[in-house]
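Okay, so here's the structure we're looking at.
The values are calculated or read from the model by the stated rules, or taken from the named source; none is laboratory data. Quick caveat, the model's predicted, so the values are computed rather than measured. A quick note on method: Cβ atoms are made from the backbone with ideal geometry, for glycine too, and the neighbour counts reach across all protein chains shown. Note: accessible area is taken over every heavy atom of the protein model, side chains too, but ligands, DNA and RNA are not part of it. Shrake-Rupley method; radii C 1.70, N 1.55, O 1.52, S 1.80 Å.
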Amino acid sequence: MEPGSGEGGAAGALHFHGDEEIIEVVELGPPGPDDLANEMEDVDFDEEAVEGAEEQAWETEEEDEGVEDGMEAQDDSEVTFSEHSASVFCVSLDPTTNTLAVTGGEDDKAFVWRLSDGERLFECSGHKDSVTCAGFSHDSLFVATGDMSGLIKVWQVDTKEEIWSFEVGDLEWMEWHPQAHVLLAGTADGNSWMWKIPSGECKTFQGPGCPATCGRVLPDGKRAVVGYEDGTVRIWDLKQGSSLHVLKGQDGHQGPLTCVTSNKDGSLVMTGSVDCHAKLVNSATGKVVCVFKMESAASKPPAGEAESNSVESLGFCNVMPLAAVGYLDGTLAIYDISTQSLRQRCQHESGIVQLLWEDSAPVVYTCSLDGAVRLWDARSGKMISEYRGHSAEILDFAVNKDASIVVTTSGDHQAKVFCVQRPDR
């Protein structure tokens, strides 16, 4: 995974479909939260969904955490949460106050805790497998936790009580609706699920019979984009339960989808895959606008060995027409959407796990397998700062609304809170 110098690497080539035009992004006034909540009230859910889909035990092998000696010597964090007894897989912050975190781990546990002092508020108990998904509802009233076997639980934060649970097949992803008490999830059988919380009214969206590997509700709250293991992408109408667009063959990917995202108004969707391509899609027409292809900066693998690079994370900048793509070989590519060209290439020494854009600045945050969080100026491609403190790889992270705090989870069994110092603020 050691990259070469990368200086002479070919710039990311772009491939267009000849008959397509560059999209003009039209600003549409977004509907208010009340409109969308009411809209979701009209959705027809199946009252009786089949509970307890087949449960399969997932064994996770203990792996050596490939971390260099001395990595733990530097600790820039302000707070450490140490109640997990195995790798911590996921973290989410409460959206209304940004004062609480929920973390889930390989120890089959999830905790809600305070960022200010790492104090545990309550444990989300009862999981029997690794908790890989956790998140707060849009208004921070509820928190949902999901484990690999497909057991999903929802808790009311203020009373610390479980209010709903459901079992699906093996869980791939889970996400709250951005404006309503509606939870969505994707499973290994290819289905995507949508529940009203706490009533539990249910709707399913049938996929192509292979795992629904990633999903995202679009900002209008009426559609969701879901990626599948066979390389296809579907944009679903949540109210009607029908697929509006299916991208497959040349329009889809040549390998499993790893991540999907959308820009702020939902007019553009970006998809990433183990085929190392990121595709920009017009969400209204379902047409591929362009394909971002990155020539690997790492030295080619020996003959007979497979390429190990893939797109791991994606994101759109809110304040400039830029998109970021993070790769397993450690490349962070910044693309200019208006010219559809590679603008900057920032090299990490190890694979990128996830990236996030700051809400109101062209700054990208990355976390990587070397245990560090880095901030990058997307305009210049220069690193702004770096934060360390974990003795193993970072597996997930979250940034608060005003970009003053980063919360990380790691294979070292810990979650950490870092205060971000930005000289330009």
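Quick notes on this one:
- When the criteria are applied in full, Thr213 meets the requirement of being touching a Gly at 6+ places or on another chain (Cβ under 8 Å), hydroxyl-bearing (Ser, Thr, Tyr) and open to solvent by 10 Å² or more (accessible area, probe 1.4 Å).
- Summed over segment 243-267, residues that are under 13 Å from Pro208 (Cβ atoms) and open to solvent by 40 Å² or more (accessible area, probe 1.4 Å) total 5.
- Qualifying residue in segment 188-195 (condition: open to solvent by 10 Å² or more (accessible area, probe 1.4 Å) and touching a Ser or Thr at 6+ places or on another chain (Cβ under 8 Å)): yes
- Candidate set: segment 306-331, residues that are surrounded by 17 or more Cβ atoms within 10 Å (Cβ to Cβ) and charged (D, E, K, R); chosen: the one nearest to Pro219 (Cα to Cα): Glu312
- Pro219 vs. criteria touching a His at 6+ places or on another chain (Cβ under 7 Å), open to solvent by 30 Å² or more (accessible area, probe 1.4 Å) and within 26 Å of Met270 (Cβ to Cβ): no
- Residues satisfying the stated conditions in segment 366-388, i.e. open to solvent by less than 10 Å² (accessible area, probe 1.4 Å) and either over 17 Å from the mean Cα position of the chain (by Cα) or of a type in the set (Ser, Thr, Tyr) (or both): Thr366, Ser368, Gly371, Ala372, Leu375, Ala378
- Yes/no for Asp370 being closer than 24 Å to Ala73 by Cβ, in a loop (DSSP other than H, G, I, E, B) and of a type in the set (Asp, Glu): yes
- Residues of segment 121-150 that turn out to be open to solvent by 40 Å² or more (accessible area, probe 1.4 Å) and either charged (D, E, K, R) or at pLDDT below 95 (or both), as a count: 3
- Check on Asp412, in contact with a helix residue (DSSP H, G or I) (Cβ under 9 Å, 6 or more places away or on another chain), part of a loop (DSSP other than H, G, I, E, B), closer than 30 Å to Gln254 by Cβ and open to solvent by 10 Å² or more (accessible area, probe 1.4 Å): no
- Matching residues, segment 384-422, being free of Cβ contacts under 8 Å to residues at least 60 places away in the same chain, charged (D, E, K, R) and closer than 18 Å to Ala73 by Cα: Glu386
- Of all the listed residues (Ala284, Ala224), the sole one being out of contact with any helix residue (DSSP H, G or I) (no Cβ under 8 Å at 6 or more places or on another chain) and either part of a strand (DSSP E or B) or within 30 Å of Ile163 (Cα to Cα) (or both) is Ala224.
- Within segment 392-425, being of a type in the set (Ser, Thr, Tyr) and within 18 Å of Thr103 (Cα to Cα) holds for Thr408, Thr409, Ser410.
- Under the condition of being out of contact with any Lys or Arg (no Cβ under 9 Å at 6 or more places or on another chain) and farther than 21 Å from Pro321 by Cα, the residues counted in segment 373-393 number 5.
Yes or no, residue by residue, for (1) closer than 19 Å to Lys222 by Cβ; (2) of a type in the set (A, V, I, L, M, F, W, C):
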{"position": "His138", "(1), (2)": "yes, no"}
{"position": "Phe142", "(1), (2)": "no, yes"}
{"position": "Met148", "(1), (2)": "no, yes"}
{"position": "Glu162", "(1), (2)": "no, no"}
{"position": "Gln179", "(1), (2)": "yes, no"}
{"position": "Ala185", "(1), (2)": "yes, yes"}
{"position": "Gly190", "(1), (2)": "no, no"}
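- In segment 172-205, of all residues being within 19 Å of the chain's Cα centre (by Cα) and among the polar types (S, T, N, Q), the one that is farthest from Val260 (Cα to Cα) corresponds to Gln179.
- The set of residues in segment 332-365 that are touching a Ser or Thr at 6+ places or on another chain (Cβ under 8 Å) and open to solvent by less than 30 Å² (accessible area, probe 1.4 Å) comprises Leu332, Tyr335, Cys346, His348, Ser350, Gly351, Ile352, Leu355.
- Restricting the first member to segment 110-127 and to residues that are of a type in the set (A, V, I, L, M) and in a loop (DSSP other than H, G, I, E, B), and the second to residues that are at pLDDT 95 or above and open to solvent by 50 Å² or more (accessible area, probe 1.4 Å), the beta-carbon pairs closer than 8 Å and six or more apart or on different chains are Leu115/Thr99.
- One residue from Ala53, Ala57, Ala37, Ala49 being under 17 Å from Trp176 (Cα atoms), surrounded by fewer than 20 Cβ atoms within 10 Å (Cβ to Cβ) and at pLDDT below 75: Ala37
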